[in-house]
Amino acid sequence: WSQLLTIFGLLITVGIAFFGFRSFERWRKETIEGKRIDLAIEALALAYESKYVFETIRSPMSYPAESKDMPKRDGETESERARREPYFAILARIQLHKDFFERLFKLQSRFMALFGERAEDIFLNAHQARRYIEVSASMLMTRAAQRTSDATEDQQRQYQQWEADIWAGMDEIADNLSQARRVSEKILAFQKGIIEICEPVAVRSRRD
């Protein structure tokens, strides 16, 4: 009887451990799935928000208040300053949406941890779009006073490329530029990439 009780106790212990492990594994999977759902919804919201953020940044309309903090150059005339103002406005808008880009950076590492390293390329599209806009706006500001009707054809094409980067709509009429839509394409690739991964997860959570 002593041996039977020992064996019986051992079987009970194994059974408890087995079902306990299964319960723990189920809890672990449910926890991870819950995190995936929460992160997918957060990423989707950020992707949809990016549409309005980039539209605002790249709006062709600018207002005097947007360039009120622009430093004045030594010996710069009012007309020279006025030529720089629309480009400074682009940079000011990027700074105004600093919180959005910070959230984008913070989300990226968590997103990659749950959805894989391939997600890095998706986020890279948004970062590159912002960088194109920043660099092009800065170059246009620097060379605003140098832009004249005497510019060479290559110089004119370069100015057009920069303008296509910073202003929405300009890329659609710059037919002579092979990369006229590079910023718009990067923004769209980011949005589509996030939606492709996250939409099925979010839809499944709504069904559940």
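The values are calculated or read from the model by the stated rules, or taken from the named source; none is laboratory data. These figures come from a predicted structure and were not determined experimentally. Please note: Cβ atoms are built from the backbone with ideal geometry, for glycine as well, and neighbour counts cover all protein chains shown. When the accessible area is computed, the model is the full protein with side chains, heavy atoms only, and any ligands, DNA or RNA have been set aside. Shrake-Rupley method; radii C 1.70, N 1.55, O 1.52, S 1.80 Å.
Values as computed for the structure displayed
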read-out	value
Residue in region 66-81 that is most open to solvent (accessible area, probe 1.4 Å), counting only those that are in contact with a helix residue (DSSP H, G or I) (Cβ under 9 Å, 6 or more places away or on another chain), outside any loop (DSSP other than H, G, I, E, B) and at pLDDT below 90	80
Unique match (being open to solvent by less than 60 Å² (accessible area, probe 1.4 Å) and in contact with a Cys (Cβ under 7 Å, 6 or more places away or on another chain)) among 47, 40	40
Residue within region 148-166 that is modelled with pLDDT under 75, part of a helix (DSSP H, G or I) and more than 17 Å from the chain's Cα centre (by Cα) present	no
Hey, residue 101 within 11 Å of the chain's Cα centre (by Cα), open to solvent by less than 20 Å² (accessible area, probe 1.4 Å) and free of Cβ contacts under 8 Å to residues at least 40 places away in the same chain or not	yes
Residues within region 104-136 that are without any contact (Cβ under 8 Å) to a residue 60 or more places away in the chain, more than 21 Å from residue 183 (Cβ to Cβ) and open to solvent by 80 Å² or more (accessible area, probe 1.4 Å), tallied	4
Region 90-121, subset part of a helix (DSSP H, G or I) and basic (Lys, Arg), residue modelled with the lowest pLDDT	110
Residue 91 vs. criteria surrounded by 15 or more Cβ atoms within 10 Å (Cβ to Cβ), farther than 25 Å from residue 193 by Cβ, within 17 Å of the chain's Cα centre (by Cα) and not charged (D, E, K, R)	yes
